[in-house]
Every structure is written in C-alpha cells, then in structure tokens.
Amino acid sequence: MAIRRLSLREQVRDELVGWLASGRLAPGQRLEEEKLSRALGVSRTPVREALTSLVADGLVVAEAHRGFRVPGLSADRVRDLFPVAGALEALALRLSGHGAQALAAPLREINAHLAAEHLSPRQRQELDRRWHATLVSRNPNREAAALLERVRDRLAPYGGSWEGPAAEVEASRSEHERIAELLGSGRVEEAAEAVLRHWVRAARPVAAWAERAGET
C-alpha cells in the first residue's frame, strides 16, 4: 500500500473530521478560523482551505458574511449514505479476490473486543472503524478506496449513535461475525452481499438516533 504524503491542508482536514466524529465539533457550532488555527497550531490559511473542502462534503456549512458552522444532524443523510458505503465496501471486498479469505482472523479479533461491556461509545466507534478498514484493506482499486474514504468522512458526525442500546451493538457484532465466517470459508461473494445488508440495516437505528439528537 502506497504511503500518503499529506499536505498541511489535508492534515488539518483529517483532524477536523476526527473532531466531528468525536463530538468536539458539535452540530450547530460556529467555527471560528482564528480559534481553530490556535488549537491546531497552524496559520489560518490551511484552516480556511480545510473548511472549504469540508463544505464540499456537507460536513461544514459556509454562510455569507458569517463564516462556517457545523450543520445539524440529518436522518435523510444517513439513509442516503449508508447504502452507498455498503455498496462501496462490497465492491472493495469483491475486488480483493481470494486474498479476502485471510481477513477472517483479524476481523474476528477486532470484533471480539467490541463485545466488552466497559467500552465507551467512542471506543466502540473506533473498533467499528478498524473493523471496516480491515475489511477493505486488500482492495487494490485506489479510486474505489478514495470514494469510500470520502463517504466515511461524510458519516463522521454520526459516531455518537454508538451510545445506542446494547441490542444494536450486538446486532452489528453478529453481522460482523457472519461476514468473517463467510470470508473464512472463501465465500467472498456472499460476504460482499452480507456487507451491503449490514449497512442497509444499520441505517435504521442510526437515522432514528439522528432524529432524536436533532430534537434535543
């Protein structure tokens, strides 16, 4: 896998996406370039460039004469993006070919950690991110990988949904386990179909969480 050489703008962008995922930048919050530049230890120019790039992905809103702000959560956005993420992951898995079978063991290992009861929502979110990153780690198609990364970025603000009921966490874990089982037995096509179903099902509770969060 090629090592990415990130520009300062890209580094700032990645950091801001992480802040959106963690809730450090909350829905409705106004984003002041000067404060962000101080927090990040960079000049305002890469901050402005990063914010502008986030506008294109709908993660930040630009308002005339008022600067930037974080948009509110949107259940419709979840319903639109989750199936897209699932389709791209399924494609990436298919393109991985027979090498995908070797992913079963690391996927099971990550999924086992997700069962721990003491985990915070943030820790569950990070384990889920690692699981999905591992799932597509053998994809050789850089364009598909770039598209998937962009969709994942757009979903960053919805990580708070891991605060949901234990039953939802267990549903995801169970689906993860089934996908790993299919891969371990070399049934890559069935695993890809299960990946898409996993994302489509997960859209419902996350969209419901977004609606509830938007009301508070």
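Laboratory data are not the source of any read-out in this text; all were calculated from the coordinates shown. Note that this is a predicted model, so its numbers are computed, not measured. A quick note on method: Cβ atoms are made from the backbone with ideal geometry, for glycine too, and the neighbour counts reach across all protein chains shown.
Observations
- Kirkwood hydrodynamic radius over Cα pairs of the chain, then Stokes diffusion coefficient at 37 °C and 0.692 mPa s, in µm²/s: 180
- Annotation: amide H of GLN29 within the under-5 Å range of VAL70, sequence separation 5 or more or interchain, hydrogens built in the peptide plane.
- Relative contact order computed over segment 72-181 (Cα-Cα under 8 Å; 6+ residues apart), in percent: 42
- Across segment 89-94, coupling constants 3J(HN,Hα) worked out from phi with the 6.51/-1.76/1.60 Karplus curve, θ = phi - 60°, read 5, 4, 4, 4, 5, 4 Hz, and Gly and Pro carry x.
- Sorted peptide list for 120-128, 86-94, criterion being average Cβ within 10 angstrom, highest first: 86-94, 120-128
- Rounded tilt (10° steps) of 8-22 against the dominant C-alpha axis of the chain: 70
- Counted over segment 37-81 with a bin width of 5 Å, the fraction of Cα pairs per bin, in whole percents, is 5, 20, 22, 23, 16, 7, 6, 1.
- Taking every alpha-carbon pair in segment 1-58 and binning the separations at 5 Å intervals from zero gives 4, 19, 29, 27, 13, 5, 3, 1 percent.
- Entry note, the chain: relative contact order of 29 percent, from Cα contacts under 8 Å with a spacing of 6+ residues.
- Rounded D (µm²/s) - segment 143-216, Kirkwood Rh over Cα pairs, Stokes-Einstein at 25 °C, 0.890 mPa s: 177
- Cα shape, segment 62-122, gyration tensor, a/c 1.5 rule: oblate
- Volume in Å³ per residue [convex hull over Cα atoms, computed for segment 94-168]: 90
- For the listed peptides 180-188, 37-45, 53-61, a ranking on the average number of other beta carbons within 10 Å per residue, highest first, reads 180-188, 53-61, 37-45.
- Computed over the alpha carbons of segment 1-120, Rg followed by Dmax gives 18.3, 54 Å.
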